[in-house]
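**Q** So that we are looking at the same thing, I have put the structure below in structure tokens.
The values are calculated or read from the model by the stated rules, or taken from the named source; none is laboratory data. Treat the numbers as computed from the prediction; the structure is a model and nothing was measured. Positions of Cβ are backbone-derived with ideal geometry, glycine not excepted, and every protein chain shown enters the neighbour counts. Ligands, DNA and RNA are excluded from the accessible area calculation, which covers all protein heavy atoms including side chains. Shrake-Rupley method; radii C 1.70, N 1.55, O 1.52, S 1.80 Å.
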Protein chains: 2
Amino acid sequence: MFMPVGTQGSVKALDPRELREMGTQIILGNTYHLYIRPGIDIIRQAGGLHKFISWPHPMLTDSGGFQIFSLAKIRKITADGVEFRSHVDGSALFLGPREAMEIQRALGSDIAMVLDECPPHESPPEEMEEAVRRTIEWAERCREQPRLENQQVFGIVQGGSDPQLRERCAKAIVRRGFDGYSIGGVSVGEPESEMLKAIEMTEPFLPAHQPRYAMGLGTPAQIVELVARGVDLFDCVLPTRVARNGTAFTARGTVSIKGGFNKGDLGPIEAGCSCFACQNFSRAYLRHLLNVGEILGLRMLSVHNSHMYLKLMEDVRRHLAAGTFGAFRGEFLANYIPSQKVLLARQELV
Amino acid sequence: MFMPVGTQGSVKALDPRELREMGTQIILGNTYHLYIRPGIDIIRQAGGLHKFISWPHPMLTDSGGFQIFSLAKIRKITADGVEFRSHVDGSALFLGPREAMEIQRALGSDIAMVLDECPPHESPPEEMEEAVRRTIEWAERCREQPRLENQQVFGIVQGGSDPQLRERCAKAIVRRGFDGYSIGGVSVGEPESEMLKAIEMTEPFLPAHQPRYAMGLGTPAQIVELVARGVDLFDCVLPTRVARNGTAFTARGTVSIKGGFNKGDLGPIEAGCSCFACQNFSRAYLRHLLNVGEILGLRMLSVHNSHMYLKLMEDVRRHLAAGTFGAFRGEFLANYIPSQKVLLARQELV
């Protein structure tokens, strides 16, 4: 399953109807961003995030850990949590296992994530080890917190590129028992080969009958490769982020719709695509909209790209069920030409 | 009838489905902007503007006159037309009565406008008189051009604030016989009182059984006042323009949704409103979206504002048919508090 990302309570440029029409089952909300703006009080008053953003369908919230370690200015880390300053206005804030779970209860997410410590990929071994120790400790504390009725809680495995650390962390997290397991500490600036290795060294220790979630990944080709490695659940900002730069995902890789070669192209972004954009508009028109800065242009690329990801997952599920995933994977990867620019765009911080 | 404005081939931030859902019958396209980007060739290849932008419903195109005189750098005006430089890239272009009608044939609009000369409201009398002379001459030439089957052509009356000039121009244009008549030279930076006077001094000379169109107007209150003065057709960028600044139109005037007083307001923009935004989202949520720069915020305000204008025209038509327009007008204007900021926003050039 792929989860479109609604960082600040909105999947960028899309409305809930469009999301449902393209087959979205579940979206992701970011605890850190929502905690800072608009704040939890108003979301609580509204009766939770589902009601606040008009999305009555499943929703996963992260714990805020990733953003604290990537966006915020950290003051102090203790067993109880992190003192940090907001990246928006510099105000002093605190988030620990207790707060992360409390906020996610207020948000009312269907799946909550434990708080983890997510160090940059180039951190020294002793910091990686310390992050794993803290991640296990905080997972334990998160597990002890009250949760909403029917709210699932997923554990997170850290450990960078160190096989022993990954194994130790995975076993410790799984031993504590969660509803699903995430592989964290990926999509943090590491090269693709290292990301794949981190997944490979973690997956064997995660129960096969429970959801496995690769956080913040990836390109369509990466998702297919990760499914082949046993991953079930994905979230990524790429479909909407590159849309705003005029880039569209297709089965053959990405294409810049702004490109001059689309000037007279009256065909859709992708032949045979059933998304609202491809059903209604030509490349030539979308190129014009993007070139003159009309919002409808980036809206329609966001529609197409998100639809492309969701359709890919439908194909993946169908082929897994039919036992033909291996052939599908081979064919998909043979056709899909990865773009270095897109791989880099994934690594911009959110 | 109110026409949402699709300056560059898109009603800003809205898609064709949203426009239809809110009751849009006809939209406006701008010849000058489309002539410059994407150019007429690609629109011709697409089979006309309706197909290019996926709007199979009625469409009016202006002649480009207003933009040439407000945006472009004019090189030379002759009986054949205007030599000017594009405001985008400075390229040398030419537009005359023949070209204006030819482009509008290529665009395939249901209603085409004649080319007029539209001087700024503070122009000296001799320039106003010269503009009227030219406007009549060009109307004559436009009338001689071929037109598409079923394509209507509207004449335009200029004359600024001079009653004799308005009368002379109106009579000369009407004598030549068009399918409808526009009052031009309004919404060109003049105060509201002068705008109303220009309408009042022109209207008596326009046939009552044909459409009368006040170009580029106005606020909801102005539209009601202009209907009372015999105007049938309106277009205005205000609903979508102020939406992008976070301002919403209501029956009581405009309201800044970004305002702190909306922080905890879980009600819709306007109670009782049936638009997609009011049916799905609260002021508190929309305020959040606008404050963090999420596109869905300005999208939803564009939906609400355009819906508000279209709904107002529905009310106007119903009350005109029922013979209760006088009472409706009194009540509407008593409730509607005009905003100086919005009046000024109307006068930004497009």
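**Q** For segment B:275-294, enumerate the residues that are over 20 Å from residue A:18 (Cα atoms) and at the interface with chain A (Cβ under 8 Å from one of its Cβ atoms).
**A** Within segment B:275-294, B:284, B:287, B:288, B:291, B:292 qualify.
**Q** Can we say residue A:272 is assigned to a loop (DSSP other than H, G, I, E, B), within 14 Å of another protein chain (Cβ to nearest Cβ) and not basic (Lys, Arg)?
**A** Criteria not met by residue A:272.
**Q** If you don't mind, there's one more thing I want to ask. Can you pull out the residues in segment B:2-16 that are at the interface with chain A (Cβ under 8 Å from one of its Cβ atoms), open to solvent by 10 Å² or more (accessible area, probe 1.4 Å) and either of a type in the set (A, V, I, L, M) or not in a loop (DSSP other than H, G, I, E, B) (or both)?
**A** B:16
**Q** Please go through segment B:336-349 and pick out each residue that is within 23 Å of residue B:22 (Cα to Cα) and either modelled with pLDDT of 95 or more or among the small types (Gly, Ala, Ser) (or both).
**A** B:336, the sole residue that qualifies.
**Q** So which residues in segment A:209-236 are aliphatic (A, V, I, L, M) and either modelled with pLDDT under 95 or within 17 Å of residue A:3 (Cβ to Cβ) (or both)?
**A** Within segment A:209-236, A:214, A:215, A:217, A:223, A:224, A:226, A:227, A:231, A:233 qualify.
**Q** Tell me yes or no: at least one residue of segment A:78-86 is more than 18 Å from the chain's Cα centre (by Cα) and within 14 Å of chain B (Cβ to nearest Cβ).
**A** yes
**Q** Kindly indicate whether residue A:345 is hydrophobic (A, V, I, L, M, F, W, C), surrounded by fewer than 21 Cβ atoms within 10 Å (Cβ to Cβ), under 24 Å from residue A:192 (Cα atoms) and more than 14 Å from chain B (Cβ to nearest Cβ).
**A** The answer is yes for residue A:345.
**Q** I'd like to verify a number: residues in segment A:277-296 that are open to solvent by 50 Å² or more (accessible area, probe 1.4 Å) and hydrophobic (A, V, I, L, M, F, W, C), how many?
**A** Final tally of qualifying residues: 0.
**Q** Can residue B:240 be described as of a type in the set (S, T, N, Q), under 17 Å from residue A:295 (Cβ atoms) and either more than 13 Å from chain A (Cβ to nearest Cβ) or open to solvent by less than 30 Å² (accessible area, probe 1.4 Å) (or both)?
**A** So residue B:240 passes the test.
**Q** Further, regarding this structure: I'd like the full set of residues that are free of Cβ contacts under 8 Å to residues at least 60 places away in the same chain, buried (at least 21 other Cβ atoms within 10 Å of the Cβ) and not in a loop (DSSP other than H, G, I, E, B), limited to segment B:20-39.
**A** B:27, B:33, B:36
**Q** Considering segment A:282-327 alone, what residues qualify as being under 26 Å from the mean Cα position of the chain (by Cα), within 30 Å of residue B:37 (Cβ to Cβ) and among the small types (Gly, Ala, Ser)?
**A** Correct list: A:297, A:302, A:306.
**Q** Can I ask one more? Counting only residues that are buried (at least 17 other Cβ atoms within 10 Å of the Cβ), touching a residue at least 60 places away in the same chain (Cβ under 8 Å) and not in a loop (DSSP other than H, G, I, E, B), how many does segment A:249-269 have?
**A** 2
**Q** Now a separate question. When residue B:297 is evaluated against the numbered criteria (1) in a strand (DSSP E or B); (2) within 13 Å of another protein chain (Cβ to nearest Cβ), which criterion, by number, is the only one it fails?
**A** So the condition that residue B:297 fails would be (1).
**Q** Find the strands (runs of 3 or more DSSP E) located wholly in segment A:40-119 whose residues include 3 or more that are open to solvent by less than 10 Å² (accessible area, probe 1.4 Å) and over 25 Å from residue B:293 (Cβ atoms), and list them.
**A** Passing ranges: none, list empty.
**Q** Regarding residue A:302, is this residue at pLDDT 95 or above and in contact with a helix residue (DSSP H, G or I) (Cβ under 6 Å, 6 or more places away or on another chain)?
**A** yes
Yes/no matrix, rows are residues, columns are (1) in contact with a strand residue (DSSP E or B) (Cβ under 8 Å, 6 or more places away or on another chain); (2) within 14 Å of another protein chain (Cβ to nearest Cβ); (3) modelled with pLDDT of 95 or more:
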site	(1), (2), (3)
B:27	yes, yes, yes
B:42	no, yes, yes
B:72	yes, no, no
B:90	yes, no, no
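**Q** Have a look at A:36, A:53 and point out the one that is within 17 Å of residue B:277 (Cα to Cα), in contact with a Ser or Thr (Cβ under 8 Å, 6 or more places away or on another chain) and within 12 Å of chain B (Cβ to nearest Cβ).
**A** The unique qualifying residue is A:53.
**Q** What's the total number of residues in segment A:152-163 that are closer than 13 Å to residue A:199 by Cα and not β-branched (Val, Ile, Thr)?
**A** Total satisfying the criteria: 6.
**Q** Moving on to the next point. Select, from B:99, B:167, the only residue that is more than 25 Å from residue B:53 (Cα to Cα) and not hydrophobic (A, V, I, L, M, F, W, C).
**A** Only one candidate passes the filter, namely B:167.
The rows are residues; the columns are (1) open to solvent by 40 Å² or more (accessible area, probe 1.4 Å); (2) within 21 Å of residue B:63 (Cβ to Cβ).
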position: B:170; (1), (2): no, yes
position: B:176; (1), (2): yes, yes
position: B:181; (1), (2): no, yes
position: B:186; (1), (2): no, yes
position: B:189; (1), (2): no, yes
position: B:192; (1), (2): yes, no
position: B:195; (1), (2): no, yes
position: B:198; (1), (2): no, yes
